[in-house]
Amino acid sequence: MNQQTKQFLKTILIFVFFGSVGLYLYLARPIVDLPVEPPITYPSAQSCEKLGVKINTLVKQANHCADDADCIVSEEVKSLCGCWRFINKNYNTNTIKQDIELYNNQCVQRVLCEPCLTEPRKEEVACENNTCVINEFAIQAQDEILLPLILHPVRESGVHTTARTDEGILALFENTQTIWSQAGIAFEVTLEKVRIQDQIAPTTMGSYPFFTHVVASTNDNALHVYYIRDLAGANGWTVGPRHIAVADITTVDDFRATAHEIGHLFGLGHAADNEESLMASGRNGQKISEGEIHTARKRAQQF
Ligand SMILES: [Zn+2]
């Protein structure tokens, strides 16, 4: 072995030695994962107060909603007094939960707690002005809402005169009542014939100028249902804020057409293509969804 080779091997050994030591030190290094947010302690009354304010602000943000379906009574996020809170179900509550935990662990309860309000039932939760609230209308959700409603057969009105009898109209409306009983809404019915002066038969669906004076002549808070010969092919139509019309010939059950139009008076739009739904257009469905019941009851109590 010549001097050069010796030197070479020595160099190799030194590299291997220090390399191994380096590798050992690297592998044996203590694993220190710095927390992204170092734990903060809130030992003072002042910082606890700050944390309390922060929690309340976050809870307020979590209460933001677009519609009723967003709002839930949170199982996890309670107020600093342990009372229930509204939370948007889509809100990520991790930060709030951490802060509340921190508060509960490190802060002496410094807020003066009053007894918690009664937790609302699911159907009492609503989104008003983008905030989850208790729906005051739904609180009486189980109470029946009774609305005055006048059935108007159009008589002595030429082209508009209905072929329906008073008895026929009263009988069909019984079924309309049954449909709306799902929502706890009932109608106190009277029957009063009406005359339409304007003798021009409707030609365009949705354009019924001859109803203008009839609607304008009503001066009560009742709902008005007009039974008329024809509506240019429509089954029914909304002709005023509390006024609907139903044609003699309907492509769906006449009592269902009546109930559907009443749904529009209650602020309900058309349901997507759903055979079962009362608010589907041109179908015979009779079901009213929970959300629709909520909307309809709210509106019904404003009539
Ligand atoms: Zn409709």
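The values are calculated or read from the model by the stated rules, or taken from the named source; none is laboratory data. Everything numeric in this text was worked out from a predicted model, so none of it was measured. Because the Cβ atoms are built from the backbone with ideal geometry, glycine has one as well, and the counts that use them run over all protein chains shown.
Counting residues in the stretch 215-222 that are assigned by TED's automatic domain parsing to the domain that holds Thr176, within 29 Å of the chain's Cα centre (by Cα) and either at pLDDT 95 or above or on the phi > 0 side of the Ramachandran plot (or both) gives one or more. Of all residues in the stretch 223-232, those satisfying the criterion of being closer than 19 Å to Ile200 by Cβ and either in a strand (DSSP E or B) or away from the ligand (no atom under 14 Å from the Cβ) (or both) are Tyr226, Tyr227, Ile228, Arg229, Asp230, Ala232.
Output yes when any residue across the stretch 284-294 is within 26 Å of Asp220 (Cβ to Cβ), away from the ligand (no atom under 11 Å from the Cβ), small (Gly, Ala, Ser) and modelled with pLDDT of 90 or more, and no when none is. For the stretch 284-294, residues within 26 Å of Asp220 (Cβ to Cβ), away from the ligand (no atom under 11 Å from the Cβ), small (Gly, Ala, Ser) and modelled with pLDDT of 90 or more: absent. Applying the condition of being buried (at least 18 other Cβ atoms within 10 Å of the Cβ) and modelled with pLDDT of 80 or more to the stretch 132-144 and asking which residue is nearest to Asp220 (Cα to Cα) yields Ile134. Residues of the stretch 253-272 that are more than 10 Å from the ligand (Cβ to nearest atom), part of a loop (DSSP other than H, G, I, E, B), within 19 Å of the chain's Cα centre (by Cα) and not aromatic (Phe, Trp, Tyr): Gly267, Ala272.
Let's see how each residue does on (1) surrounded by 16 or more Cβ atoms within 10 Å (Cβ to Cβ); (2) at pLDDT below 95; (3) part of a loop (DSSP other than H, G, I, E, B):
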| site | (1), (2), (3) |
| --- | --- |
| Leu149 | yes, no, no |
| Pro153 | yes, no, no |
| Arg164 | yes, no, yes |
| Glu174 | no, no, no |
| Ile179 | yes, no, no |
| Ala183 | yes, yes, yes |
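Annotation: of all residues in the stretch 91-131 being assigned to a loop (DSSP other than H, G, I, E, B), in contact (Cβ under 8 Å) with a residue 60 or more places away in the chain and surrounded by fewer than 17 Cβ atoms within 10 Å (Cβ to Cβ), the one that is farthest from the chain's Cα centre (by Cα) is Val108. Only one of the numbered conditions (1) at pLDDT 95 or above; (2) surrounded by 13 or more Cβ atoms within 10 Å (Cβ to Cβ); (3) under 29 Å from Ile293 (Cα atoms) is violated by Lys193, and that is (3). The residue pairs whose first member lies in the stretch 277-300 and is under 22 Å from Glu128 (Cα atoms), whose second member is of a type in the set (D, E, K, R) and modelled with pLDDT of 95 or more, and whose beta carbons are closer than 8 Å, counting only pairs six or more residues apart or on different chains, do not exist in this structure. Kindly check whether there is at least one residue in the stretch 237-245 that is within 27 Å of the chain's Cα centre (by Cα), assigned to a loop (DSSP other than H, G, I, E, B) and free of Cβ contacts under 8 Å to residues at least 60 places away in the same chain. Within the stretch 237-245 (the criterion being within 27 Å of the chain's Cα centre (by Cα), assigned to a loop (DSSP other than H, G, I, E, B) and free of Cβ contacts under 8 Å to residues at least 60 places away in the same chain), the answer is yes, since at least one residue qualifies. Would you mention how many residues in the stretch 102-121 are modelled with pLDDT under 80, among the polar types (S, T, N, Q) and over 23 Å from Val133 (Cα atoms)? Matching residues across the stretch 102-121 total 1.
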